[in-house]
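Read through the structure below, which is laid out as structure tokens, and then see the notes.
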Amino acid sequence: MAVRSFKPVHVGDEILERFRRVPVATIWSCVNKQAGVSLPYMEGVRSFSPGKRLAGRARTLRFLPPRPDIDSETKRGEDSPEYRAMARCGPGDVLVADIMGRRYAAIGGDVKLLQMKMNGAEGLVTDGAIRDLEVLEEENYGLIVYAQDRTPYGGQPWAEPAEENGDIQCGGALVRPGDVIVGDGDGVVVVPSWFAAECIDWVEEHEGSESFVKRKILEEGVRPGKYYPPSEETKAEYRRSIGKQ
């Protein structure tokens, strides 16, 4: 077996588009079992954009508890960490914000997030809250939103943006800049950038073999346990059916 490289890589739009077509549950299984990542799923983070699937490259923002010395270093208007993080977000990019799991602390509202609309960013994910959601929808910001909850609050008194473009956690999952963030109705999973291409190949084949098994079960009217989980023989039969063997 070839030695896997853990060096971060750029994940292209073609791979992101493939991730948009497969379920988070299968991606989680692959990252957990094949890449050995124990906690790739963001617990407590849910969709506020029903029916929309998210796949994008992570651009990270870390909040910390407010304190005068940190505030004096970071509150620099348009050059503050939050605006630098949002400026990194263009098409195919997702802002991922670690706000320490504060359920009702907002990472931003419609005015701050306007920068992401102008940049054509894909969406935002946080283990905190989102405010002004109706405005984002009514004014067509085009952002797919995942958060713990909605809120009328700002970040105070719990948190202020402090660092960007570094390693963070969100919902208990490690997120590094450039990782692939994938979300559907089941929640959000993090795919390390160095594993993304291998992951999507595995997931697509797994989904194809499961669809093949479901057809066999329906056609034969048998109990699912006859073919599920797919055996290596069944997987080989599936590959032959699509001309891969």
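The values are calculated or read from the model by the stated rules, or taken from the named source; none is laboratory data. Computed from a predicted model, the values in this text were never measured in an experiment. Ideal geometry is used to build each Cβ from the backbone, glycine not excepted, and the neighbour counts take in all protein chains shown. Surface areas here come from the heavy atoms of the whole protein model, side chains and all, with no ligands, DNA or RNA. Shrake-Rupley method; radii C 1.70, N 1.55, O 1.52, S 1.80 Å.
Brief remarks follow.
- Within the same chain, aspartates and glutamates fewer than 8 places from Lys33 are excluded, and of the rest, those with a Cα less than 19 Å from its Cα are Glu43, Asp179, Asp186, Glu198, Asp201, Glu204, Glu205, Glu207, Glu210, Glu232.
- Spread of Cα-to-Cα distances over 5 Å intervals beginning at zero, given as percent, for the chain: 1, 7, 13, 17, 17, 14, 10, 8, 5, 4, 2, 1, 1, 0
- Computed log₁₀ I(q)/I(0) - Debye formula, equal Cα scatterers, no solvent, region 85-128, q 0.20 Å⁻¹: -0.59
- With Cα atoms, 0 to 90° folded angle of helix 232-241 axis to the chain main axis: 90
- Taking the average, over residues, of other Cβ atoms within 10 Å as the packing measure, peptides 225-236, 114-125 rank 114-125, 225-236 from highest down.
- 29 Å Cα-Cα threshold exceeded, pairs from Lys216/Lys244; Lys7/Lys235; Lys52/Lys75: Lys7/Lys235; Lys52/Lys75
- Degrees separating the helix 196-220 axis from the principal Cα axis of the chain, which is the longest one: 50
- Given a 1.4 Å probe and the protein chains as shown, Asp201 ends up with an accessible area of around 90 Å².
- Counted over region 51-167 with a bin width of 10 Å, the fraction of Cα pairs per bin, in whole percents, is 15, 50, 31, 4, 0.
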